[in-house]
Amino acid sequence: MGKSSKDKRDAYYRLAKEEGWRARSAYKLLQMDEEFNLFEGVTRVVDLCAAPGSWSQVLSRILIKGEKFGRAAWEDKQEKTRRYVLGEKANDNKPSATEEKDLLNPRQDVKIVAIDLQPMSPLEGITMLRADITHPSTIPLLLQALDPETFDPSATSASHPVDLVLSDGAPDVTGLHDLDIYVQSQLLWAALNLALCVLKPGGKFVAKIFRGKDVDLLYAQLKLVFDRVRVAKPRSSRASSIEAFIVCEGFCPPKGFKASLDNPLGAGATLPPGNETGSERTKPSRKLREDGITELELGSEDEEVGEDIRWIAPFLACGDLSAYDADASYHLPKDRQILDPIQPPTAPPYKRALEMRKAAGGAYGKTKGL
Ligand code: SAM
């Protein structure tokens, strides 16, 4: 697909280039924030699977620079107009003295760490780590990046300094539906296990899911460790795609639950020991299913999440209904200038193929007589 055709068929791809986002995914996070107010009271964030970095851009612009988007920006404008009409403000277009100060002095108390297998170009205020979120060694790396001065590498249990863990993780899609869903779910469990190790009580976890066969197991597991679990479908995510996002708020691990990437929930091959320290009612234990998935269970007295009770998460469409439809093609004027992407991939998997093509003096197939 040419750049111009992609611009027509994908309004968010085009908009991202126009508005300076590295990827169209930025709109998914912005639209979820509009619905769930994700960043309220948040100062420490981990952005998992972050390359090329559009979610990190959103974090940097909202949390560090104090910019407003969507409904927040609209409400801001309404408030300014109101004050202008009441004569409290001279000019509604100029930022107030406090806003100007905020823009000039980015917040210093915010800490954001972005992690990906791929390298990422730097972004203001973001610490970037090149690491695998499925590997246990990533947690100490992350904790060190969050608190370089106080990090203790000999500590036996992880500290819990994070307010919000985001994960937009996706493997390279093969087109084999079942395989793609499976690999995606592995990434999701890895993100969840990492989040369980670093989230503060009351913290939030937002992650991409593919709504496949085992998704209700996931919802039920999440409901054991979070007060509120909802599924979000931002308007910028194609309706035709099974992609959605799980939005979990109020992290409340059961008493005695100890998270660990060595004994993860989700896809453990061995049965990790149950925790012996919890009260009878909430004592968590892990159960290995026949299909190799490790589940967390609470004591049988728990009425809400007993073994046979299926729990389906509420599903919310989010984003302004007047926003672009991600599945529609839009007519564009013939003379419209086609923009290049803001951030071309730094080290794409096809990099070697491009190098070979260049070395062969042009289209690889043509020179090889293919
Ligand atoms: N949220 C990003 C943004 O807004 O720019 C887009 C993320 S992209 C859809 C998915 C990312 O997941 C890819 O960059 C890929 O490298 C990353 N990823 C896949 N498996 C990973 C793993 N095991 N550890 C870390 N990152 C991983």
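The values are calculated or read from the model by the stated rules, or taken from the named source; none is laboratory data. Please read these numbers as outputs of a predicted model, since none were measured by experiment. As a convention, Cβ positions derive from the backbone with ideal geometry for all residues, glycine included, and neighbour counts pool all protein chains shown. Accessible surface is based on the protein model in full, side chains and every heavy atom, while ligands, DNA and RNA are left aside. Shrake-Rupley method; radii C 1.70, N 1.55, O 1.52, S 1.80 Å.
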Legend entry - Residues within region 1-46 that are free of Cβ contacts under 8 Å to residues at least 40 places away in the same chain and of a type in the set (S, T, Y), tallied: 2
Legend entry - Leading residue by the ranking (nearest to G53 (Cα to Cα)) among those in region 146-182 that are open to solvent by 60 Å² or more (accessible area, probe 1.4 Å) and hydrophobic (A, V, I, L, M, F, W, C): V173
Inset, instruction - Scan D163, D180, D152 and give me the residue that is under 24 Å from A23 (Cβ atoms) and not in a helix (DSSP H, G or I). - result: D163
Legend entry - Filter result for R61 (open to solvent by 40 Å² or more (accessible area, probe 1.4 Å), closer than 18 Å to P234 by Cβ and within 16 Å of the ligand (Cβ to nearest atom)): yes
Legend entry - Pairs with Cβ under 6 Å, 6+ apart, first in region 228-248 and without any contact (Cβ under 8 Å) to a residue 60 or more places away in the chain, second open to solvent by less than 10 Å² (accessible area, probe 1.4 Å): E243/S237; C248/F205; C248/L222; C248/F226; C248/V229
Inset, instruction - Assess whether A220 counts as being within 13 Å of the ligand (Cβ to nearest atom), open to solvent by 10 Å² or more (accessible area, probe 1.4 Å) and over 20 Å from T43 (Cβ atoms). - result: no
Legend entry - Tally of residues being in contact with a strand residue (DSSP E or B) (Cβ under 9 Å, 6 or more places away or on another chain) and more than 16 Å from the ligand (Cβ to nearest atom) across region 149-176: 4
Inset, instruction - Restricting attention to region 106-133, report how many residues are in contact (Cβ under 8 Å) with a residue 12 or more places away in the chain, open to solvent by 70 Å² or more (accessible area, probe 1.4 Å) and farther than 26 Å from P341 by Cβ. - result: 2
Inset, instruction - Would you please list the contacts, defined by Cβ atoms under 8 Å and residues six or more apart or on different chains, that run from a residue in region 48-64 that is within 18 Å of E18 (Cβ to Cβ) to a residue that is near the ligand (Cβ under 8 Å from one of its atoms) and in a helix (DSSP H, G or I)? - result: S54/S25; S54/A26; S54/L29; Q57/A26; V58/A26; V58/L29
Legend entry - Flag if A259 is part of a loop (DSSP other than H, G, I, E, B) and within 16 Å of V165 (Cβ to Cβ): yes
Inset, instruction - Look through region 30-55, keep the residues that are more than 7 Å from the ligand (Cβ to nearest atom) and within 24 Å of D327 (Cα to Cα), and return whichever of them is most open to solvent (accessible area, probe 1.4 Å). - result: E35
Inset, instruction - For region 1-50, name all the residues that are over 27 Å from V198 (Cα atoms) and acidic (D, E). - result: D7, D10, E18, E19
Inset, instruction - Please tell me if A195 is within 12 Å of the ligand (Cβ to nearest atom), at pLDDT 95 or above and under 24 Å from N263 (Cβ atoms). - result: no
